[in-house]
Amino acid sequence: MRIIAGKHRGTKLTAPEGLDTRPTPERVREAVFSMLESGRFGAVLRDRTVLDLFAGTGAMGLESLSRGAERVVLVDNHPTALDTLRANVEKLQAGAHTQVRAGDATRWHERAQTAAGVVFMDPPYGTEAWVPALEAALRTGWIGDDTVVVIETDKRERTEIPEGFEVLEDRPYGRARILILGKVAAGPEAGDVP
């Protein structure tokens, strides 16, 4: 597994042995970043903060950093994943722009300094843990009006999109399904002149 593009292109990332961590395959990462950098969702990556929940190896967040994100926050609660995250941040010498946080993404409580441009969520398949994680990230200010949320699930999982969000993209990649969500734009208030 390696960084695909940007200033750290080609750098191999450490991935723990076994099935506890399931890194997003390179072809899926490339597809996701092609969508994010296309301009379709606005300027969500370059010079922005990125939050990577259920970060695992940190591949999505560190790829963002390589492609121009200003700051990346990597969150996981598994000790092996945390060790891997720290090793990968050190390998990229990215400590000045990266924070590794031990925590449960479904109960994430750290308040955002500013809303993220992108929030990545890749929870264990079949858990639908992205739903409470989405609510926690929204409640703590990580998700703003122009934030895009990229979720990887098993394509067989039933998905009910929480109120206040809309599907911007929904694509299958082998066993995986990539959902890109955005906040529903607020309509005019009663009495507002169009």
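Pairs linking a residue in the stretch 8-28 that is more than 22 Å from residue 178 (Cβ to Cβ) to a residue that is modelled with pLDDT of 70 or more and not in a loop (DSSP other than H, G, I, E, B), with Cβ atoms under 6 Å and 6 or more positions apart or on different chains, are 8/66; 10/2; 12/2; 14/84; 14/87; 14/88; 16/80; 16/84. Among 68, 95, which is the only one that is under 20 Å from residue 9 (Cα atoms) and either within 11 Å of the chain's Cα centre (by Cα) or touching a residue at least 40 places away in the same chain (Cβ under 8 Å) (or both)? Going through 68, 95 in turn, just one is under 20 Å from residue 9 (Cα atoms) and either within 11 Å of the chain's Cα centre (by Cα) or touching a residue at least 40 places away in the same chain (Cβ under 8 Å) (or both): 68.
In the set 131, 167, 118, 148, which member is surrounded by fewer than 15 Cβ atoms within 10 Å (Cβ to Cβ), touching a residue at least 12 places away in the same chain (Cβ under 8 Å) and among the β-branched types (Val, Ile, Thr)? Unique residue meeting the criteria: 167. For the stretch 99-118, filtering for residues that are part of a loop (DSSP other than H, G, I, E, B) and among the charged types (D, E, K, R) leaves 3. Residues of the stretch 47-68 that are part of a loop (DSSP other than H, G, I, E, B) and either among the β-branched types (Val, Ile, Thr) or surrounded by 24 or more Cβ atoms within 10 Å (Cβ to Cβ) (or both): 54, 55, 56, 57, 58.
If I filter the stretch 34-46 down to residues being of a type outside the set (Gly, Ala, Ser) and either at pLDDT 95 or above or within 19 Å of residue 171 (Cβ to Cβ) (or both), which single residue comes out as surrounded by the most Cβ atoms within 10 Å (Cβ to Cβ)? Taking the candidates together, the pick is 36.
Residue 157 fulfils the conditions (1) among the charged types (D, E, K, R); (2) closer than 15 Å to residue 61 by Cα; (3) touching a strand residue (DSSP E or B) at 6+ places or on another chain (Cβ under 8 Å) except for a single criterion, (2). Sort through 71, 111 and tell me the only one that's under 23 Å from residue 147 (Cα atoms), surrounded by fewer than 18 Cβ atoms within 10 Å (Cβ to Cβ) and either of a type in the set (Lys, Arg) or touching a Cys at 6+ places or on another chain (Cβ under 7 Å) (or both). Only one candidate qualifies: 111. Number of residues in the stretch 116-145 that are under 25 Å from residue 8 (Cβ atoms) and not acidic (Asp, Glu): the value is 7.
Could you tell me which of the residues 137, 87 is surrounded by fewer than 17 Cβ atoms within 10 Å (Cβ to Cβ), in contact (Cβ under 8 Å) with a residue 40 or more places away in the chain, assigned to a helix (DSSP H, G or I) and hydrophobic (A, V, I, L, M, F, W, C)? Every option except 87 fails the conditions.
The values are calculated or read from the model by the stated rules, or taken from the named source; none is laboratory data. Worth saying up front: this structure is predicted, and the values here are computed from it rather than measured. Cβ coordinates were reconstructed from backbone atoms using ideal geometry, including for glycine residues, and neighbour counts include every protein chain displayed.
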